[in-house]
Every structure is written in C-alpha cells, then in structure tokens.
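Before any comments, here is the structure.
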Amino acid sequence: MCCFYEYEDGNKYRPFVPASHVVRERTRAEEARMPGEKVPEASWEAFFSPACAAIPWAHFERMFRARQKAVGLIAMKAPARRPMRAPMGFKAVEV
C-alpha cells in the first residue's frame, strides 16, 4: 500500500516492518467469514506489502475492517501482564 519510499537516508529511520504471520493469517480468516465477494490474492499481496499497487476501494475496505477485527482479537488474547522473569541461578546466603 505505497508505504515505502526511497528517502535520502535510505529509510534508516523509517524501515518497513511487515505484518506478522499471525496478523496476516487472522486477517484473512476474518475476511473469509465476512459475507460478500472475497478479496482476490493480488489485492492481499498489495495490502500487506510496501509495493504501490492499485486495490479496488471495496476490497480495501473489506481488508481494512478484517484487519481491525483481527488485531483487536489478537490483543484481547494477549496476556494482561508481562511475564515474570525466571529466578536467577544463584542466591545471596549468609556466611
């Protein structure tokens, strides 16, 4: 979706970070559950890549709404607290 541009600094401060595999799979699963015409494979490639490609507006809206739902569901499944670190391998003892 045209999010990548060759800046003078070589995109050092704006590197493209692709969507995770989990987000991609969940988004496509949510879109498959939606009623109506399914989005073609070429549109999915353009949606999740930095390449500039035309996507019909109806397909973009459908993918965008599916991604919103997918990200929300993934966030709800995430642990509420950060995991505890494993205890250290040694203890302070009195001598």
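A short reminder: the numbers here are calculations on the coordinates, not readings from a lab. It should be emphasised that the depicted structure is a prediction, and the values quoted were computed from it without experimental measurement. Ideal geometry is used to build each Cβ from the backbone, glycine not excepted, and the neighbour counts take in all protein chains shown.
Worth pointing out:
- Cα-based Kirkwood hydrodynamic radius, the stretch 21-77, one decimal, Å: 11.5 Å
- Distance between modelled label sites at A42 and R65, nm, 7 Å Cα→Cβ extension: 2.4 nm
- Once the Cα-Cα distance is subtracted from the 0.36 nm per residue extended length, the A53 to A19 segment shows a gain of 10.5 nm.
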